[in-house]
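Single-structure report; data block below.
The values are calculated or read from the model by the stated rules, or taken from the named source; none is laboratory data. These numbers come from a predicted model, not from an experiment. Neighbour counts are summed over all protein chains in view; Cβ atoms, including those assigned to glycine, are modelled from backbone coordinates with ideal geometry. SASA here: full protein model, heavy atoms, side chains in, ligands and nucleic acids out. Shrake-Rupley method; radii C 1.70, N 1.55, O 1.52, S 1.80 Å.
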Amino acid sequence: MRGRGPLGQAALALLLMAAGAGARPQPTGPGDQPRSNVVLVACDSLDGRLTFFPGNQTVDLPSINFMKRHGTVFLNAYTNSPICCPSRAAMWSGLFTHLTESWNNFKGLDPDYVTWMDLMEKHGYRAQKFGKLDFTSGHHSVSNRVEAWTRDVDFLLRQEGRPMVKLTGHRKHVRVMEADWQNTDKAVNWIKEEAVNLTQPFILYLGLNLPHPYPSPYAGENFGSSTFLTSPYWLEKVNHEAVKIPKWSSLSEMHPVDYYSSYTKNCTEEFTKEEVRNIRAFYYAMCAETDAMLGEIISALRDTGLLGKTIIIFTADHGELAMEHRQFYKMSMYEGSSHVPLLVMGPGVREQQHIPNVVSLVDIYPTMLDIARIPVPQNLSGYSLIPLLCEKAESEVSPRGLRPSWVLSEFHGCNVNSSMYMLRTGKWKYIAYSDGSSVPPQLFDLTADPDELTNVAITFPVIVHSLDKILRSIVNYPKVSSSVQEYNKQQFISWKQSLGHNYSSVIANLRWHQDWLKNPKKYENAIDKWL
């Protein structure tokens, strides 16, 4: 498909015919056929609710729909930490965030950490990576890490440009996110030129930046990424009538942590309905461009005859709020931010299967090892998805016992002034903060209130007590929160000392510079008081 634009309807029809004509081997016992190839496409910031009804009504995503028709979609898949690096650290390690201590975008895994890809390579797989990885320590901007370290300081500063949209190009402008397309081209070429000739199985990873918002240089060089940018070509893939305007609480009614998030993300001022609708529509258009890159990979596998021998996994590090709860970006436990796409197709995977079980990104590690028939370590936080995908008895696959009926997500980074912990089980989502007592918890009934507009923690104290007990059995969260506070303070002190006389100038000109420069002494004093 390279050079002919994204995966079109005609190409999809060919794929459907190939799949229907028995292109995919039938499920058999684990030892009586070659190990499958694996392709993992991981994008950045795609709301998982767009992969099933009713979210899938807002935008045309033909490649995701193809995977659903010929594979399995998980209806309740979650990130283990709704921000780039900590989430990816969980996915590549199979461990919860409090175990990897990936507290923010600056702190991930050590460079020599043994990932599932390392183990697959050691056990005979040819491994190849293209595009965004972002699971090791030491990356992202200085501003990003300082904002995370200082979140306990008694001040409130806008850290982002106001979210906005930008239209670029013309109605035939397909390759908007050129860097992602170039990495997709590399992956397609590798499939066609190298993978097709391999005698060993392969694991291919493609990491995409989309549909993450773009940088906003209009707001100064140290501002973050608050621009939703696309072309008319992709905007035409959006069903504008289906774009919902989310309901907002008044600022005075917001949970205190939500207010801090909304303020630091520069979302507390007035927005017209048209502004909100545009931000959401442009975001969905960016998702359509992402889907087309997935389509290029599927087409390359089909063109080389590898589709029937390859398990394809599509997911994201986290979602995007796109102005739900008066916020954009992630860094939140609300569904838009924490719910990720997870689709799987390939040999032995059941077709047209919708799985309601709660799963999370730490499950990728044991799943990869299961596919490669490598013994799964017992210390992992995740559980293999193979029993769900192939309808096998769990005991047949995993000696660890049954998958728990809950998933855990936690967040310790910027734009939130408290560590937070989310337990998702059954119809409930429970969110605890900090030490469990200084910040009120949240409880949402996702069956009755899918938009999470009503915190029912006070109404159901018995449920809160029960879920908090489960949460504390998984993680001693007051202790973890305290460790993060201490880490933040020590990191900030080291950074401040490293700057010497330049400290005042550097800290004033980070992403919060527009607010800081109005009263620099006030904010420096607030930091001194914290230290």
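In table form, for the structure just shown:
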| quantity | calculated |
| --- | --- |
| Index of the failed condition, Glu269 passing every other in (1) of a type outside the set (S, T, N, Q); (2) assigned to a loop (DSSP other than H, G, I, E, B); (3) touching a helix residue (DSSP H, G or I) at 6+ places or on another chain (Cβ under 9 Å) | (3) |
| Filter result (surrounded by 24 or more Cβ atoms within 10 Å (Cβ to Cβ), assigned to a loop (DSSP other than H, G, I, E, B) and either at positive phi or out of contact with any strand residue (DSSP E or B) (no Cβ under 7 Å at 6 or more places or on another chain) (or both)) within the range 47-80 | Leu61 |
| Unmet criterion (only one of (1) surrounded by fewer than 20 Cβ atoms within 10 Å (Cβ to Cβ); (2) of a type in the set (S, T, N, Q); (3) in contact with a Pro (Cβ under 8 Å, 6 or more places away or on another chain)) for Thr199 | (3) |
| Residue that is open to solvent by 50 Å² or more (accessible area, probe 1.4 Å), within 26 Å of the chain's Cα centre (by Cα), farther than 17 Å from Thr290 by Cα and not basic (Lys, Arg), where the choices are His139, His123 | His139 |
| Flag if Leu99 is at pLDDT 90 or above, in the same structural domain as Glu296 (by the TED database) and open to solvent by 50 Å² or more (accessible area, probe 1.4 Å) | yes |
| Matching residues, the range 505-523, being part of a loop (DSSP other than H, G, I, E, B), aliphatic (A, V, I, L, M) and within 18 Å of Ala148 (Cα to Cα) | Leu510 |
| Within the range 409-431, tally of residues that are under 17 Å from the mean Cα position of the chain (by Cα), over 11 Å from Leu471 (Cβ atoms) and of a type in the set (Phe, Trp, Tyr) | 1 |
| Any hit, the range 494-502, residues being part of a helix (DSSP H, G or I), open to solvent by 60 Å² or more (accessible area, probe 1.4 Å), over 26 Å from Thr100 (Cα atoms) and in contact (Cβ under 8 Å) with a residue 12 or more places away in the chain | no |
| Boolean, Leu453 is assigned to a loop (DSSP other than H, G, I, E, B), modelled with pLDDT under 95 and aliphatic (A, V, I, L, M) | no |
| Filter result (in contact with a Gly (Cβ under 8 Å, 6 or more places away or on another chain) and at pLDDT 95 or above) within the range 153-178 | Val174, Val176 |
| Single condition Glu269 does not satisfy, out of (1) surrounded by fewer than 24 Cβ atoms within 10 Å (Cβ to Cβ); (2) free of Cβ contacts under 8 Å to residues at least 60 places away in the same chain | (2) |
| Failed condition for Glu193, given (1) of a type outside the set (Phe, Trp, Tyr); (2) surrounded by 14 or more Cβ atoms within 10 Å (Cβ to Cβ); (3) under 28 Å from Leu40 (Cβ atoms) | (2) |
| Scan of the range 244-266 for residues that are in contact (Cβ under 8 Å) with a residue 12 or more places away in the chain and either in a loop (DSSP other than H, G, I, E, B) or surrounded by fewer than 17 Cβ atoms within 10 Å (Cβ to Cβ) (or both), ordered by number | Lys244, Ile245, Pro246, Lys247, Trp248, Ser249, Leu251, Met254, His255, Pro256, Lys265, Asn266 |
| All positions within the range 404-415 that are modelled with pLDDT of 95 or more, assigned to a loop (DSSP other than H, G, I, E, B) and not polar (S, T, N, Q) | Pro404, His412 |
| Among the residues listed as Ala288, Ala300, the single one being among the small types (Gly, Ala, Ser), under 19 Å from the mean Cα position of the chain (by Cα), within 27 Å of Arg175 (Cβ to Cβ) and modelled with pLDDT of 95 or more | Ala288 |
| Among the candidates Asp180, Asp185, Asp154, Asp134, residue that is of a type in the set (D, E, K, R), in contact with a Leu (Cβ under 6 Å, 6 or more places away or on another chain) and either open to solvent by 10 Å² or more (accessible area, probe 1.4 Å) or within 30 Å of Lys309 (Cα to Cα) (or both) | Asp180 |
| Flag if Ala89 is of a type in the set (A, V, I, L, M) and either assigned to a strand (DSSP E or B) or open to solvent by 10 Å² or more (accessible area, probe 1.4 Å) (or both) | no |
| Test: residue in the range 451-472 that is over 17 Å from Phe411 (Cα atoms), β-branched (Val, Ile, Thr) and surrounded by 19 or more Cβ atoms within 10 Å (Cβ to Cβ) | yes |
| Exclusive hit being in contact (Cβ under 8 Å) with a residue 60 or more places away in the chain and either among the hydrophobic types (A, V, I, L, M, F, W, C) or open to solvent by 70 Å² or more (accessible area, probe 1.4 Å) (or both), set Gln485, Gln491 | Gln485 |
